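J.: Structure incoming, see below.
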Amino acid sequence: AQKVTQAQTEISVVEKEDVTLDCVYETRDTTYYLFWYKQPPSGELVFLIRRNSFDEQNEISGRYSWNFQKSTSSFNFTITASQVVDSAVYFCALSERNTGTASKLTFGTGTRLQVTL
Amino acid sequence: DAMVIQNPRYQVTQFGKPVTLSCSQTLNHNVMYWYQQKSSQAPKLLFHYYDKDFNNEADTPDNFQSRRPNTSFCFLDIRSPGLGDAAMYLCATSWRQPTDTQYFGPGTRLTVL
């Protein structure tokens with residue numbers, strides 16, 4: 001069965017520091033997708049990125065970057081020059097191709113990021 | 001803008017009094033999902049509709065029901081809310097493939113008195 005592990009429960013940084021959120025996954029499927037979602041205090045889950053298992057290229061979007069390494073089954077998320085608005089809970093999630101109908105997300109337990117001035 | 005909308009954002013009900021939460025979408029997605037999220041936990045899938053087909057998760061209590069009268073709307077009915085049902089309820093939508101992205105609404109925070 002699939003599993004997503006986010007070992008960091010809570011991280012606190014000072015504004016402008018870089019921070020990396022770890023995500024390790026387990027799956028038997030050869031075709032799968034990985035996701036990161038942000039959940040600010042308002043509660044909405046905001047989609048950040050989707051990456052398929054065949055694309056190991058790292059991705060950068062502004063201050064956000066993602067490092068996907070199949071060899072270590074990891075999909076880590078780095079925020080450069082963190083800001084107070086980055087304070088949120090971040091969820092890593094996995095979906096597999098062979099789940100029958102529709103998407104089935106397996107979530108990690110989330111990492112709470114607190115950015116202070 | 002295309003989006004997922006949930007109403008109300010905050011709902012207070014009494015123990016045992018039925019309550020209905022609403023979700024609508026302008027994305028025209030095939031699939032609509034309902035999740036329950038309790039404090040400091042990941043969202044837990046309750047069920048989803050694939051077009052008109054209802055798919056219940058094995059561990060979803062019978063107390064939770066859902067209706068999807070058309071493509072745009074989906075409702076979550078809690079027949080007899082207990083104190084343990086107090087949570088954030090999130091609606092999400094996606095296209096039909098198992099690996100398609102799910103887009104979430106803002107959630108409804110349910111309080112049970």
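J.: Check whether at least one residue in region A:10-17 is surrounded by fewer than 19 Cβ atoms within 10 Å (Cβ to Cβ), among the small types (Gly, Ala, Ser) and within 20 Å of B:THR93 (Cβ to Cβ), and report yes or no.
T.: no
J.: Being free of Cβ contacts under 8 Å to residues at least 12 places away in the same chain and surrounded by fewer than 15 Cβ atoms within 10 Å (Cβ to Cβ) is true for just one of B:ASN56, B:ASN63, B:ASN28. Which residue is that? Don't jump to the end; show me each part of the working.
T.: Details: B:ASN63 fails: free of Cβ contacts under 8 Å to residues at least 12 places away in the same chain; B:ASN28 fails: free of Cβ contacts under 8 Å to residues at least 12 places away in the same chain.
One residue alone meets the criteria, B:ASN56.
J.: Being among the aliphatic types (A, V, I, L, M) and surrounded by fewer than 19 Cβ atoms within 10 Å (Cβ to Cβ) is the filter here, so list the residues in region B:31-51 that pass it.
T.: Of everything in region B:31-51, nothing turns out to be among the aliphatic types (A, V, I, L, M) and surrounded by fewer than 19 Cβ atoms within 10 Å (Cβ to Cβ).
J.: Another one. Any residue at all in region A:85-96 that's under 20 Å from A:THR27 (Cβ atoms) and acidic (Asp, Glu)?
T.: Within region A:85-96, one or more residues are under 20 Å from A:THR27 (Cβ atoms) and acidic (Asp, Glu).
J.: Here is a list of conditions, (1) away from chain A (no Cβ under 13 Å); (2) within 27 Å of A:GLY108 (Cβ to Cβ), and B:ASN7 meets all of them except one; can you say which number that is?
T.: Here B:ASN7 clears every test but (2).
J.: A follow-up question, please. Of all residues in region A:41-63, count the ones that are in contact with an Asp or Glu (Cβ under 9 Å, 6 or more places away or on another chain) and closer than 17 Å to A:TYR90 by Cα.
T.: So the count comes out to 4.
J.: Going through region A:21-30 one residue at a time, which ones are surrounded by fewer than 14 Cβ atoms within 10 Å (Cβ to Cβ) and either within 9 Å of chain B (Cβ to nearest Cβ) or modelled with pLDDT of 90 or more (or both)?
T.: Within region A:21-30, A:GLU26, A:ARG28 meet the criteria.
One line per residue, one yes/no per condition, for (1) closer than 27 Å to A:SER42 by Cβ; (2) surrounded by 13 or more Cβ atoms within 10 Å (Cβ to Cβ):
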site	(1), (2)
B:THR13	yes, yes
B:GLY16	no, no
B:MET88	yes, yes
B:ALA92	yes, yes
B:ARG96	no, yes
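J.: With a cut-off of at least 2 residues that are without any contact (Cβ under 8 Å) to a residue 24 or more places away in the chain and at negative phi, name the strands (runs of 3 or more DSSP E) lying wholly within region A:1-91. Break it down stepwise before answering.
T.: Working: elements: A:3-5, A:10-14, A:19-21, A:24-26, A:32-39, A:46-52, A:59-61, A:64-69, A:74-79.
Correct list: A:46-52, A:59-61, A:64-69.
J.: I'd like to verify a number: residues in region A:72-117 that are polar (S, T, N, Q), facing chain B (nearest Cβ under 8 Å) and buried (at least 20 other Cβ atoms within 10 Å of the Cβ), how many?
T.: Number satisfying all stated conditions: 2.
J.: Which one of these does A:ILE60 not meet: (1) more than 14 Å from chain B (Cβ to nearest Cβ); (2) within 10 Å of the chain's Cα centre (by Cα); (3) of a type outside the set (S, T, N, Q)?
T.: Just one mismatch for A:ILE60, condition (2).
The values are calculated or read from the model by the stated rules, or taken from the named source; none is laboratory data. Quick caveat: nothing in here was measured; it's all calculated off a predicted structure. Cβ sites come from the backbone with ideal geometry, for glycine too, and all protein chains shown count toward neighbours.
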